[in-house]
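Bear in mind that the values in this text are calculations on the coordinates, not laboratory data. The structure presented is a predicted model; accordingly, all values stated were derived computationally and were not measured. With ideal geometry, Cβ positions are generated from the backbone for all residues, glycine too; neighbour counts draw on all protein chains shown.
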Amino acid sequence: MSEPRPSLADALSRSILVHTSDVLDAAIKRVGAQITHDLAGSTPVFLTIMQGGLMFAGGLALQLDLACEFDYVHASRYRGKTSGGGLLWLARPHLPLHGRDVLLVDDILDEGHTLSGIRDWCGTQGARTVRIAVLCEKRHGRTVPGLKADYVGVEVPDLYVYGYGMDFHEQGRNLPAIYALQG
């Protein structure tokens with residue numbers, strides 16, 4: 001028999017608000033302008049990392065003044081838990097990446113094992129460049145060596161964060177703000 005899923009309402013009662021929707025909207029607009037400038041003249045593959053990157057990707061795509069081709073990848077280490085294991089590929093992109101500029105779009109750069117694995121895989125597929133855009137970044141010194149995001153919306157504390165695409169036990173991805181669990 002499986003354990004009952006923790007309650008999102010309980011998590012919210014033990015959490016602090018980290019970033020409001022207004023702050024996130026402004027950050028996404030800023031990141032979109034940076035990407036538009038940097039990739040001008042290119043038709044990048046906009047590669048959303050599911051499921052966490054979906055909310056950020058949708059908002060970011062609307063801020064880009066670029067012709068993009070859209071695809072997604074679904075790889076996970078968490079599988080509904082709060083700590084990860086080995087990388088599990090659930091779906092790989094359908095668009096060919098050889099010779100293309102790729103923009104990986106994800107919810108958060110924490111330790112970066114998932115992002116690093118996907119970035120490296122894009123390289124093996126012959127991507128010309130691979131850039132990483134994340135809504136959030138934790139700066140804590142535990143990130144995979146050599147991995148950094150090219151575009152960061154906001155910084156978050158070194159706590160368990162959820163909302164705006166990030167989940168608390170598969171719940172709360174649709175919250176319009178980012179929260180940090182206390183304790």
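When the chain is described by a simple charge dipole with +1 on each Lys and Arg Cβ and -1 on each Asp and Glu Cβ, the residue from Val102, Trp121, Gly53 located farthest towards its positive end is Trp121. For Asp110, the shell of other residues with beta-carbons less than 12 Å away shows a net charge of -2, using +1 for Lys and Arg and -1 for Asp and Glu.
Run the Debye formula on the Cα coordinates of segment 3-62, all scatterers equal and no solvent, and tell me log10 I(q)/I(0) at q = 0.15, 0.28 1/Å. Those come out to -0.65, -1.19, one per q. Residue exposure proxy: Ile178, Ile132, ordered by other Cβ atoms within 10 angstrom of their Cβ from fewest to most, comes out as Ile132, Ile178.
Extension gain for Leu90-Ala40 works out to 14.8 nm (0.36 nm per residue, less the C-alpha to C-alpha distance). Using bins of 5 Å that start at zero, the share of Cα-Cα pairs per bin across the chain amounts to 1, 8, 17, 21, 21, 16, 9, 4, 2, 1, 0, 0, in whole %. Evaluated on segment 63-158, the Kirkwood hydrodynamic radius is 14.2 Å, with distances taken between all distinct Cα atoms.
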